[in-house]
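What follows is calculated from the coordinates using simple rules that are stated; it is not laboratory data. It should be emphasised that the depicted structure is a prediction, and the values quoted were computed from it without experimental measurement. Cβ atoms come from the backbone with ideal geometry, glycine included; neighbour counts cover every protein chain shown.
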Amino acid sequence: MTFKGTERLKIFKVLLIIVVFIAIGWFGSRFGPSRNDAEAMIYEKLSSFTRAMPEYMFDEKETSKPRTIMVNGFTTHLTVGKSDDDIPKILDFYEKQYKAQPVLQISQDVLDLMKDEKMKENAREHNKIMKKLEQFQHVRFLKKDYGFWATFEFHDPGLEIGSKEYFDKLGKASESGRLGEIGTARIVIALRNKKTNKTKVINIWSDRDFNINNLEPDAFGDMPGKDLEEVPRFPGSKRLQSVQQENSATMDSLAMYEGGGTIGAQMAFYRSRMPASDWGASPTLQRALSENKVENSLFYTKKGKECTLIFMEDEESGNIVSTVIIRKGKG
């Protein structure tokens, strides 16, 4: 039973990581001659297999159209909006939209009929565990200017947690990794801006192709996905993340790596290798990065394409994390 609860919490943690990587990916749309913020926020229509999260009651109707983002080969969907409401009110709204999954409890009448004390004690323990699972169907925490809410919504609203069918379905999905076949993971992040007194609301939800195994590295240490064409990988590095997002007029791709050496060594590697693939440095846009205090970064352009590279040192491992973002126009 504990394993099943841990598996669900793993989903929430994993999706939060996805949000972070997506936020990094958006950086590629913030600079460059083809910048168009309105265009960059509009994505293609959602797959009919996914039911979108309800739109919050935004005062200014500033909710973006849903955007589709591929992460390590599976699909996520996301919307962004703004509201005058405070964070608790917004989280309360979403919590009310998704009813808790029914939980299988052993009734007191059945407990009274049990003659074996050990069996009765096990039944009571079962009820205690089920009660805890019921409480944690919605994960929520709140800080002064930040709120987070998440749930895993089963496709079958009548599936009882703790039933044989529940364990059969969850066990099969956990074994194959295809959690999207039994439910949808949903996250709401609310960010309060002190200066404007507006709350930014980010909704993210998974699709039916969600596979938790796509968040585990292969035998070589690479996460599923693909490297970016025309940009070399630093020798000995491992791929941490692969993201593709399609806008109405552009295609953005991101790859994140972790490797050895120093930030200076990796930047020198790309400075020497990028021109060989016809990438040209852009002093003007490089200054824009510096003015926005984006340190340890490089910016290149070529016909119809822009490439941003960002380098950071991981505080725990000491390794260098490099993020490569390519934006190219369609047609």
Relative contact order in percent for segment 184-331 (Cα pairs under 8 Å, 6+ apart) equals 18
Given R₀ = 25 Å, what would the calculated FRET efficiency be for GLN97 paired with LYS144, taking r from the Cβ atoms and rounding to 0.05? 0.55
Extension gain, LEU111 back to ASN197 (0.36 nm per residue minus Cα-Cα distance, nm): 25.6 nm
Starting from the amide H of ALA100, placed 1.01 Å from N in the peptide plane, find each other amide H under 5 Å away whose residue is 5 or more places distant or on another chain. none
Collect residues whose amide H, placed 1.01 Å from N in the peptide plane, falls under 5 Å from the amide H of LYS82; neighbours closer than 5 in sequence don't count. GLU62, THR63, VAL201
Around HIS155, which amide H atoms from residues at least 5 apart in sequence, or from another chain, sit under 5 Å from its own amide H, with H modelled in the peptide plane? GLY183, THR184
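Does segment 179-221 classify as rounded, prolate or oblate by the C-alpha gyration tensor (a ≥ b ≥ c root eigenvalues; a/c under 1.5 gives rounded; else a/b over b/c gives prolate, otherwise oblate)?
Since a/c reaches 1.5 but b/c is at least a/b, the shape of segment 179-221 is classed as oblate.
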Rounded to whole Hz, the Karplus (6.51, -1.76, 1.60) HN-Hα couplings of segment 205-212, x for glycine and proline: 8, 8, 10, 6, 8, 4, 10, 5
Can you give the convex hull volume of the alpha carbon atoms of segment 175-329 per residue, in Å³? 173
Using alpha carbon centroids, what distance separates segment 209-279 and segment 82-107, in Å? 38
